[in-house]
1. On the given criteria, is residue 13 at pLDDT 90 or above, surrounded by 10 or more Cβ atoms within 10 Å (Cβ to Cβ) and more than 30 Å from the chain's Cα centre (by Cα)?
2. List the pairs whose first member sits in segment 40-59 and is within 14 Å of residue 75 (Cβ to Cβ), whose second member is modelled with pLDDT under 90 and part of a helix (DSSP H, G or I), and whose Cβ atoms are under 6 Å apart, counting only residues at least 6 apart or on separate chains?
3. Any idea which of 30, 55, 41, 51 is part of a helix (DSSP H, G or I), within 31 Å of the chain's Cα centre (by Cα), loosely packed, with under 10 Cβ neighbours inside 10 Å and modelled with pLDDT of 80 or more?
4. How do the pairs read when you match residues in segment 1-15 that are assigned to a loop (DSSP other than H, G, I, E, B) with residues anywhere that are surrounded by 10 or more Cβ atoms within 10 Å (Cβ to Cβ), using Cβ under 9 Å and keeping only pairs 6 or more apart or on different chains?
5. Cβ contacts < 7 Å: first residue in contact (Cβ under 8 Å) with a residue 24 or more places away in the chain, restricted to segment 62-81; second residue surrounded by fewer than 16 Cβ atoms within 10 Å (Cβ to Cβ), any location; separation 6+ or different chain. Result?
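The values are calculated or read from the model by the stated rules, or taken from the named source; none is laboratory data. As the structure is a prediction and not an experimental result, all values here were calculated from the model. Methodologically, a virtual Cβ is constructed for each residue, glycine included, from the backbone with ideal geometry; neighbour enumeration extends over all protein chains shown.
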C-alpha cells in the first residue's frame, strides 16, 4: 500500500524563507534610497516654481522684487502661492 504524504519538506520551507528574506532586503534598500531622491526632486521642483514666479514678476513689472519684500510682493501679486505658512 502506497501512502501519499502531503505537506512541505524542511528544505522547501527553508528555500522559501531565504527567497522572502532576499526580496525583503532588496525592498528595504530600494525604499531607503528612494526617500532622499524624492526630497531632492521636490526641492528642484520648488526652485523651478520660484524661478518661474520671479521671471513672470519681472516681465510684468520690469524689475525683480527687492530682497526686503521678496516673498510678500511675489505672493501678493499672485505669482506664487504661499505654502510655508
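1. Considered against the rule, which asks whether it is at pLDDT 90 or above, surrounded by 10 or more Cβ atoms within 10 Å (Cβ to Cβ) and more than 30 Å from the chain's Cα centre (by Cα), residue 13 comes out as yes.
2. That search, which allows pairs on different chains as well, returns 53/74; 57/74.
3. 30
4. Matching pairs, first to second residue: 8/16.
5. 79/56; 80/49; 80/50
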